[in-house]
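**Q** So that we are looking at the same thing, I have put the structure below in structure tokens.
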Amino acid sequence: MKPRLSLILCSCFLLSPHLFQTGHSATVEYDFSITWVWATPDGTTGRPVIGINGQWPLPRIEATVGDTVVVRTLNLLGNQSTSLHFHGLFMNGSSLMDGTSHVTQCAIQPGARFTYTFSVR
């Protein structure tokens, strides 16, 4: 049995392990439109923040060790380049998918698309 993981996307896109079990590998796919949304992240003051699919906090990605994750993104921020960074994952063999702008990847320009594809290890 392989441990089940949930990728939790925050402003820095975190990975959090869960203890669910499964016995097969799969491809899990997500479509993310990255936009400005209005939220109160500090609980007191509303302001524009980066959201995905019109929501903040950001959606969770769920995958199992051995799965392939495909995240198709569209940057609709209008005035801001961006990227997704997945904390807690070993990107061995797929460091170009790590999402650190100007370190392992060029930023996704406004109006542009980028597809992240990597195996959860």
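The values are calculated or read from the model by the stated rules, or taken from the named source; none is laboratory data. A quick note: this is a predicted structure, and the numbers were derived from the prediction, not measured. FYI the Cβ positions are ideal-geometry reconstructions off the backbone, even for glycines, and counts take in every protein chain you see.
**Q** Filter the stretch 72-110 down to the residues that are among the polar types (S, T, N, Q) and touching a strand residue (DSSP E or B) at 6+ places or on another chain (Cβ under 7 Å), then identify the one that is farthest from Gly54 (Cα to Cα).
**A** Step by step, filter the stretch 72-110, then rank; the result is Ser94.
For every residue, the table says whether it meets (1) free of Cβ contacts under 8 Å to residues at least 12 places away in the same chain; (2) over 13 Å from Glu29 (Cα atoms).
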{"residue": "Arg60", "(1), (2)": "no, no"}
{"residue": "Val71", "(1), (2)": "no, no"}
{"residue": "Thr82", "(1), (2)": "no, yes"}
{"residue": "Val103", "(1), (2)": "yes, yes"}
{"residue": "Gly111", "(1), (2)": "no, yes"}
{"residue": "Phe114", "(1), (2)": "no, yes"}
{"residue": "Ser119", "(1), (2)": "no, no"}
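**Q** Looking at Gly88, Gly66, which is the one that is touching a residue at least 60 places away in the same chain (Cβ under 8 Å) and surrounded by 15 or more Cβ atoms within 10 Å (Cβ to Cβ)?
**A** Within the list Gly88, Gly66, the selection yields Gly66.
**Q** Look through the stretch 91-101, keep the residues that are free of Cβ contacts under 8 Å to residues at least 60 places away in the same chain and assigned to a loop (DSSP other than H, G, I, E, B), and return whichever of them is farthest from Ser25 (Cα to Cα).
**A** Checking each candidate, the answer is Thr100.
**Q** I'd like the residue in the stretch 99-120 that is surrounded by fewer than 12 Cβ atoms within 10 Å (Cβ to Cβ) and among the β-branched types (Val, Ile, Thr) and, out of all such residues, is modelled with the lowest pLDDT.
**A** The extreme case among them is Val103.
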